[in-house]
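S.K.: The following block contains the structure, expressed as structure tokens.
The values are calculated or read from the model by the stated rules, or taken from the named source; none is laboratory data. Quick caveat: nothing in here was measured; it's all calculated off a predicted structure. Here the Cβ is made from the backbone with ideal geometry for all residues, glycine too, and neighbour counts use every protein chain on show. Protein only, heavy atoms only, side chains kept; ligands, DNA and RNA dropped before computing areas. Shrake-Rupley method; radii C 1.70, N 1.55, O 1.52, S 1.80 Å.
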Amino acid sequence: MDITDETSSDAALLREHALRWVEQAYDDLHELSGRAHPQGFDPDIAREVAAQGFLGVMVPEAKGGTGGGLAEMAGIMEAVGRGIVAEPVLSVGGIAAPLLARLETPEADAFLAQLVAGESTAVLAHYESARGFDRSVTTGARQDGADVRLSGEKANTLDLAGADTLLVTGLDANGRLGLYRIDPAAEGVTLKIYRTVDGRTTASLTLADASAERLSGSDDIAALVDETLDAAAFLVCAEALGAMRYLVDVTADYLKTRKQFGQTLDRFQVLQHRIVSMLLATEETAGVVEAVIDAKQPRRARAIALCKTVTARSARYVAQQSVQLHGGIGVTDELKISRYFKRLMMCESLFGDEDYYTARYEALRPPA
Amino acid sequence: MDITDETSSDAALLREHALRWVEQAYDDLHELSGRAHPQGFDPDIAREVAAQGFLGVMVPEAKGGTGGGLAEMAGIMEAVGRGIVAEPVLSVGGIAAPLLARLETPEADAFLAQLVAGESTAVLAHYESARGFDRSVTTGARQDGADVRLSGEKANTLDLAGADTLLVTGLDANGRLGLYRIDPAAEGVTLKIYRTVDGRTTASLTLADASAERLSGSDDIAALVDETLDAAAFLVCAEALGAMRYLVDVTADYLKTRKQFGQTLDRFQVLQHRIVSMLLATEETAGVVEAVIDAKQPRRARAIALCKTVTARSARYVAQQSVQLHGGIGVTDELKISRYFKRLMMCESLFGDEDYYTARYEALRPPA
Amino acid sequence: MDYPLPELSAFRLDVIRFVEANLPADIAEKVRLNIEPEKSDLYRWEQILNGHGWFCGHWPVHAGGAGWSPLKRYVFEQAMAEAGAPPLQPFGQAYVGPVIIEYGTDAQKQRFLPKIIDSTEFWCQGYSEPSAGSDLAGLKLRAERKGDHYVLNGQKLWTSYAHWADMIFLLVRTSQEDRPQKGVSFILADMHTPGITIRPIITLDMKHHVNEVFFDNVEVPVENLVGDEGDGWKIAKFLLATERLIVAETGKARRLLSQVRTVAENTLEAGKPLFEQSAFRRAFTEAEVQLQTLEAFCARQLKGVAQGKVLGFEASLMKIRGSELLQSITELGSRVAARKGLALSPEPLPEGSNGEQAEPTEASALLSEYLFQRAATIYGGSNEIQHNIVSKARFGF
Amino acid sequence: MDYPLPELSAFRLDVIRFVEANLPADIAEKVRLNIEPEKSDLYRWEQILNGHGWFCGHWPVHAGGAGWSPLKRYVFEQAMAEAGAPPLQPFGQAYVGPVIIEYGTDAQKQRFLPKIIDSTEFWCQGYSEPSAGSDLAGLKLRAERKGDHYVLNGQKLWTSYAHWADMIFLLVRTSQEDRPQKGVSFILADMHTPGITIRPIITLDMKHHVNEVFFDNVEVPVENLVGDEGDGWKIAKFLLATERLIVAETGKARRLLSQVRTVAENTLEAGKPLFEQSAFRRAFTEAEVQLQTLEAFCARQLKGVAQGKVLGFEASLMKIRGSELLQSITELGSRVAARKGLALSPEPLPEGSNGEQAEPTEASALLSEYLFQRAATIYGGSNEIQHNIVSKARFGF
């Protein structure tokens, strides 16, 4: 049974399709991705990802997408995790595109088509360096005649090195949150690029009166951004599930073949029990992922907080134990195990870690 | 190596003596203690405990004791834990007697001799029902001519059912903490007796203008009471160590003899590793107990907070796993395992549990 | 707390409301204070449920049940426990009833089923033996055919509520020659038969739940054999399969967690409710996370069953986490009890104490439940065995 | 933080002050940012220590050391690490040096010891092989006697700093006939000998610490054999025994924990230092509890050694907890790094990125250390093996 069976057969088909694509097309290209590229991903594969339709899954059909929701995108993300795909499926298909689609402004719609087609790559720059995982912002948007100018410090922006467009949140003079489009090469924009642990990129950016285009309408979009970040947090859980399932399979196979003290490792009861615990953590993750898909608003936010809390710890456990059970070769960069380990570190902490979501789960508890 | 080797050979001798007494004299009487008696202990054995000198260990020689300190008393308490002795060695020898000895008043000294000789049994009633493990009190002492009258609610008072005298803390009109002697049968004293999980007794008491005798001088004894409670918390760690060592030994023996699936249990790697973890928790406890003995003031309070934090979790782990590894018979009252399990629950929580002492450890952290 | 099966949430609320409206107050109070209900309390409650058609709802309609799906039955049982109903003793309605329905003769059905449904005959289960705990292949209790009777000799262990039981269903060894599993048969015995002796076993919580039962030349009529000689293993597996879905007591966990909250709200620490204390609250939230995770996991599995999936190792995973969860929650309860000196009521204090005997409290009820739940990771195949099972079934180790 | 060995606390403070006063600033900065020091950096620092008589302080006086007790050596090494000195590479001064002092010929002593003391010859250790990881009995690298030479063929794995090394000490198989342990010998080889090939292995932290080393008809003079043929096992055990006391890196743990604190104080979460955030602080306190518990445990064991006790299984317990502790502390560091997107510097970004390459930070230094420490529970006998050892040694299982 997979995560999407009951909720939607479309979702199940999409998931199958994505898993097949990752296995057949992506695996061979795998070594070319990520670390080898300045962008942290392979631009050619990124275009292929768009051609597969992965970036428009959460965009309504009327706007050029396929009109799916979290269930459909979760299936794609599971495949992304299974193959630790480096390309910005999440950043564009899971965040930027659905966010733009929900703004319902001509500016956003116009740009959306390019994103879904893979002609442009945009990333959301929301988090700020003085706020950690907290979602509130201080970046300000100043109206300057017909122009808008943004000032502030954004941080922790995945895939930024490969983006040609920044989607930046900021508060206007009335304290309303809006979404703005900024050219990363524009004056007043300073980027600091970091290589992430898994070979992709992240960045902090300083905006000093940088020229921007307003994409959102006049309403405050704080609630929309909050939902978007929740969705993103959920989608990395689905991604983690894919990676964890891969690790459980591969580690079990390894135990069956590797010999020590004259026996294959699968004869050692401690290792047998360990991999059962890994399986349990993985299947629990499958459970909480499915529970998010089943949950309707207003219950969904708390279901996501639970999901990320559980997935974060499960991902860490499965990743650590996969390395441990592989012994020495588990800590080498040559073996894929170490790359899955690092991807799971990313899944564990992107959009907030276990501590953040446990506090959120606690804060969202309904009254007794 | 035992906990007292390096610090004092007197302590080592005392510990040996106590362990021998517990093993030889106490074990046969064991079934008679605790649960079978209204007091929660056997009064005859209590007198024998006094005759062995266990109650005067922390009392200066000039006051009829043997002038030892925490190191000496820890050895006694390890033996108490090894045999899960039910008699009030801690309540009298570890708490009431050393507290009285440090008051340096004629009233306290006069009563002290009876305590050490086992002619009277006194317990400290300090904790209050609205304060949990917190050590502050609200019980008030009112001067009534030459008399003193106490009013308040005390709780969580170990061994009270077997005591003929209550040592009660209360605040005088100036907010100074003092120690008062109260007859449990006096007017205005209402006792509610509970059987503790390990067959001893605890109680809550309501004082409504109960007649009392002041034992402390005019100084505030809050710091002295604090040190006394720290010492008590430490001594139950030493007690826990004795019980844990017993459980590790007995459980290892059981694994060697019990057969399942055609093999003795010690052939199962998971159980081998489990008992190693139990050993590790026990030896860590031995380490933190010894560290308290080595620590001088002002470092001792934090060393005790560390010690109780670690001992509480270790005691819980060792007790739970001993039951688990014994399987079905581990949960029966017939087998001693269950009684050690319960005694370790008491050690875990008396005078504050892991949460309490972790917070205290945190609060006592020296500046960076 | 949110519930993960939206399509059955209306039924769940029905059950909860029914319990609130119909459970006798004295029984509800016993559950709240963790005082063992009497056998007559159970009968009373079962008969109320039966009056509503809910007592054996999971039985097929032709056998007098309501033909509930496993999913519906799961929701029913968890909602009952959540609402504070006493646990239904499973031995009749959940264990031997379905076995008789599936494998019993018409005579057996007529003789035994009605008295299960109307709660006039109490059953117990004779599986474990001293040398066959987690490893049933070691069964030794012999049943020798002598004319119209089997003659039983041997011993059962951990027999829950044997002291209440009118009947017992047993796994017995009817042949020494076959390989260990083949020589086992499933048989029903009247507990009042001469030669049966019951010895109580007191457990950690100082209560009498379980027993040793000795069989000394006990004569059991051959018509009490279920299936054929040697079918014992097959029937035991059938019984196990019907039971697999309720190994995780999430409903009881909900009730206990809510009780922990109430008690912690009413217990003061430094003058403030313990529930507001950060370390306690964190542990509470952690238990809630564990509970909702298990519920999500169970919901996913049960939806699979509804689509025709047969649960295998997944049931072991539920057992592992279910038992760990009950231990976590009650351990939290024991932390509250620790503030009251780990008073364990209602254990009576002997005469001669120098004060008044205290009342049982909800804190001591949770403490008692903590003690009881130490067995949760042991009985029904210890958690270590469950790991072995999964390792073999899922990975082929 | 309090220190559990009052009698040596003055010496400990001397060491810390010495490091603060004498460690070159550029090396201190590399340690702080977790940038691998160069070989020349290490040599520089070792020579400074040697000038103070502290480099081989644990060697006997007759061999050029200061004759420190194990307890003093422990305090020295932990204080060095705590103060932020780079770890001394053990292969010369801690491993092969004491072996040569104990088992070497006079010629070997004169040839090798001075170059260890004055840091002009770098050693590495050839123990592990592909099929002999945690299980050294599987050693395969052959050394065949041919005239004045042994001819070595085979492979070593996980050879730390082989790429810096001038010399290697090896366990080799000199006989196929004896039982596995008896045919093993201990031999010293020049790393510049023809036939030795080094292949780098990049680890999780993207650094080059370890290597595969291949031996293809490598000729080693017979005078480089230490002890007799077949003494390999005995010598390896001797070496292990001298090393057992420093398996728990409590000094390094102190430095890292203090760095975690600094970094968390300087990282803002919702505008407030992360160190003030309750979940983070709780995890920090927990790590501090683990550290001080391990220090208390080690102090107790080392006081035992000072009284003549020989450590057995206790060293395995230290290894278990020591590795777990470094993993806990660095995992905490990784939580801080997570707020910065898990940036891993100083890994260079390829040309063509659309922004400026970022500087290494203390947060990424801790992240890198977290990755490195994943090996702590694997090398030197995995923690699973350590449990096996204790189970056998302490309980006779």
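S.K.: What distance in nm separates the two pseudo spin-label positions at B:K296 and A:A185, each 7 Å out from Cα along the beta-carbon direction?
M.R.: Each label point is offset 7 Å from its Cα along the Cβ direction, giving 7.1 nm.
S.K.: Show which lysines lie in cross-link reach of C:K115 when reach means a straight Cα distance below 22 angstrom and same-chain residues fewer than eight apart are skipped.
M.R.: Candidates past the 8-residue exclusion: C:K39.
S.K.: Along region C:113-118, what does the Karplus equation 6.51 cos²θ - 1.76 cosθ + 1.60 (θ = phi - 60°) give for ³J(HN,Hα), rounded to whole Hz, x for Gly and Pro?
M.R.: With the stated coefficients, region C:113-118 comes to 4, x, 6, 6, 4, 9 Hz.
S.K.: At most 15 other Cβ atoms within 10 Å and a DSSP loop assignment: could you name the trypsin sites (Lys or Arg not before Pro) in region A:263-368 that fit?
M.R.: A:K296
S.K.: Which shape class, rounded, prolate or oblate, goes with region C:123-231 when its Cα gyration tensor gives a ≥ b ≥ c as root eigenvalues, a/c under 1.5 marks rounded, and past that a/b bigger than b/c marks prolate?
M.R.: Oblate, because a/c is 1.5 or more while a/b does not exceed b/c.
S.K.: Where a ≥ b ≥ c are the square roots of the eigenvalues of the C-alpha gyration tensor, would you call region C:131-195 rounded, which needs a/c under 1.5, or, failing that, prolate if a/b is larger than b/c, or oblate?
M.R.: Oblate is the answer for region C:131-195, as a/c is 1.5 or above yet b/c matches or exceeds a/b.
S.K.: Give me the net charge of A:D164's neighbourhood, meaning all other residues with Cβ under 12 Å from the Cβ of A:D164; Lys, Arg count +1, Asp, Glu -1. Write out the running numbers ahead of the final one.
M.R.: Working: positive: A:R181; negative: A:E119, A:D159, A:D183.
Every neighbour counted, the sum reads -2.
S.K.: Quick one: compute a quarter of the convex hull surface over the Cα atoms of region A:123-219 and quote it in nm².
M.R.: 6.0
S.K.: Mind listing the long-range amide H neighbours of A:I193? Cut-off is under 5 Å, sequence gap 5 or more, other chains count too, H placed in the peptide plane at 1.01 Å from N.
M.R.: Amide H neighbours of A:I193: D:E356, D:Q357, D:A358.
S.K.: Quickly work out the C:S278-to-C:A306 label distance, labels modelled 7 Å from Cα along the C-beta direction, and quote it in nm with one decimal.
M.R.: My value for the distance between the label points is 4.2 nm.
S.K.: Ok, one more. Sum -39500 (n - 2.57) across every DSSP H segment of at least 4 residues in chain A, then divide by the residue count to get the 222 nm mean residue ellipticity, nearest 500.
M.R.: Mean residue ellipticity, 222 nm, calculated: -15000 deg cm²/dmol.
S.K.: In region B:186-232, which residues become less accessible by 30 Å² or more once every protein chain is in place, relative to the chain on its own, using a 1.4 Å probe?
M.R.: Buried-area filter returns B:L191, B:K192, B:I193, B:Y194, B:R195, B:V197.
S.K.: Then there is this: Per DSSP H run of n ≥ 4, the term is -39500 (n - 2.57); total these for chain C, divide by its residue number, and report the mean residue ellipticity at 222 nm rounded to 500 deg cm²/dmol.
M.R.: The per-residue figure over chain C is -14500 deg cm²/dmol.
S.K.: Check each of the trypsin sites (Lys or Arg not before Pro) in region C:124-207 and keep only those in coil by DSSP with at most 12 other C-beta atoms within 10 angstrom; list them in order. Could the numbers behind the result be given before it?
M.R.: On the way: sites: C:K140, C:R142, C:R145, C:K146, C:K156, C:R173, C:K182, C:K207; in loops: C:K140, C:K182, C:K207.
Hits after loop and neighbour filter: nothing returned.
S.K.: Once each part is reduced to its C-alpha centroid, what is the distance from region A:297-314 to region B:301-358 in angstrom?
M.R.: 33
S.K.: For a label point 7 angstrom out from the Cα of B:K336 toward its Cβ, which stretches of region B:250-265 have the backbone nitrogen within less than 18 Å?
M.R.: Backbone N within reach: B:250-258.
S.K.: Could you state, as a whole-number percent, how many of the C-alpha pairs of region B:217-368 are farther apart than 24 Å?
M.R.: Pairs farther apart than 24 Å: 40 percent.
S.K.: Classify the protein assembly as shown from the C-alpha gyration tensor, please: rounded if a/c falls under 1.5, else prolate or oblate depending on whether a/b exceeds b/c.
M.R.: On the way: a/c = 1.38, a/b = 1.14, b/c = 1.21.
The shape class here is rounded.
S.K.: How big is the accessible area of C:E223 in square angstrom, nearest 10, if you roll a 1.4 angstrom probe over the protein chains?
M.R.: Around 120 Å² of this residue is reachable by solvent.
S.K.: At a probe radius of 1.4 Å, what is the per-residue accessible area of D:H62, in Å² to the nearest 10?
M.R.: Rounded to the nearest 10, the figure is 150 Å².
S.K.: What Kirkwood hydrodynamic radius do you get for chain C when you take the inverse of the mean 1/r over all pairs of distinct Cα atoms, in Å?
M.R.: Radius from the Kirkwood sum: 22.5 Å.
S.K.: Another one. I'd like to check one number: the per residue accessible area of region B:223-368, probe 1.4 Å, reported in Å² as a whole number.
M.R.: 27
S.K.: Have a look at C:R254, C:R179, C:R17 and tell me which one the Gaussian network model of chain C (Cα, springs below 10 Å) gives the largest fluctuation.
M.R.: Of the options given, C:R179 has the highest mean-square fluctuation.
S.K.: Just the accessible area for B:W21, please: 1.4 Å probe, Å², rounded to the nearest 10?
M.R.: 20
S.K.: Just report the Cα centroid separation between region B:218-256 and region C:271-292, whole Å.
M.R.: First find each Cα centre; the distance between them is then 27 Å.
S.K.: Another question about this same structure. State the antiparallel share, in %, of DSSP beta bridges confined to the protein assembly as shown, rounding to the nearest 5.
M.R.: So the antiparallel bridges amount to about 85 percent of the total.
S.K.: Let me ask you something else. Let me know the mean shielding of A:124-133 by other chains, meaning the per-residue number of their Cβ atoms within 10 Å of its Cβ.
M.R.: Going residue by residue through A:124-133 and averaging, the value is 4.
S.K.: Can you give the accessible area per residue of region D:272-329, in Å², using a 1.4 Å probe?
M.R.: 27
S.K.: Modelled label-to-label distance, A:T138 and A:L13, 7 Å Cα→beta-carbon offset: nm?
M.R.: Those two pseudo-labels are separated by 5.1 nm.
S.K.: For chain B, modelled as a Gaussian network with Cα springs under 10 Å, which listed residue fluctuates most, B:Q52, B:Q263, B:Q39?
M.R.: Top of the fluctuation ranking is B:Q263.
S.K.: Leaving ligands, DNA and RNA out of it, report the carbon-plus-sulfur percent of the accessible area of region C:47-100 at a 1.4 Å probe.
M.R.: Answer for region C:47-100: carbon and sulfur cover 55 percent of the accessible area.
S.K.: Magnitude of the Cβ-charge dipole of the protein assembly as shown, K/R +1 and D/E -1, about the Cα centre, nearest 20 debye?
M.R.: In total the dipole reaches around 1740 debye.
S.K.: For D:L240 and D:H208, FRET efficiency with R0 = 25 Å and r from the beta-carbon atoms, rounded to 0.05?
M.R.: Efficiency, rounded to the nearest 0.05: 0.40.
S.K.: Continuing with this model, one more query. For the charge dipole of region A:291-333, defined by +1 on Lys and Arg C-beta atoms and -1 on Asp and Glu C-beta atoms about the Cα centroid, which residue among A:L325, A:T309, A:V292 has the Cα displaced farthest towards the positive pole?
M.R.: Farthest towards the positive end: A:V292.
S.K.: Which whole number gives the average, over all residues in A:294-301, of C-beta atoms from other chains lying within 10 Å of the residue C-beta? Before the final figure, lay out each step's value.
M.R.: Details: counts 9, 4, 1, 0, 0, 4, 1, 0.
What the average comes to for A:294-301 is 2.
S.K.: Also, quick follow-up: Looking at region C:16-175, send over the antiparallel percent of its DSSP beta bridges, to the nearest 5.
M.R.: Beta bridges within region C:16-175, antiparallel portion: roughly 55 percent.
S.K.: Another one. Mind telling me which of D:A85, D:A189, D:A358 comes out most flexible in a GNM of chain D, alpha-carbon contacts under 10 Å?
M.R.: The residue that fluctuates most here is D:A358.
S.K.: Do any residues of region D:271-297 lose at least 40 Å² of accessible area when the full set of protein chains is present rather than just their chain alone, and if so which, with a 1.4 Å probe?
M.R.: By number: D:R282, D:T285, D:E288, D:V289, D:Q292, D:T293, D:A296, D:F297.
S.K.: Hey, another quick one. Run the accessible area of chain A with a 1.4 Å probe and give the carbon-and-sulfur part as a rounded percent.
M.R.: 50
S.K.: While we're here: Over region D:123-232, how many pairs of lysines fall under 21 Å by alpha carbon, counting only those 8 or more apart in sequence or from different chains?
M.R.: Taking the Cα cut-off of 21 Å, the pair count is 5.
S.K.: To continue, here is another question. Take every residue in peptide A:256-266, count the Cβ atoms of other chains within 10 Å of its Cβ, and give the average of those counts.
M.R.: Numbers: counts 3, 0, 2, 3, 9, 6, 3, 0, 1, 2, 4.
Counting Cβ atoms of other protein chains within 10 Å of each residue's Cβ and averaging gives 3.
S.K.: Hey, another quick one. Could you state how much accessible area is buried at the C-A interface, both sides summed, with a 1.4 Å probe, in Å² to the nearest 100?
M.R.: The C and A chains share an interface burying roughly 3400 Å².
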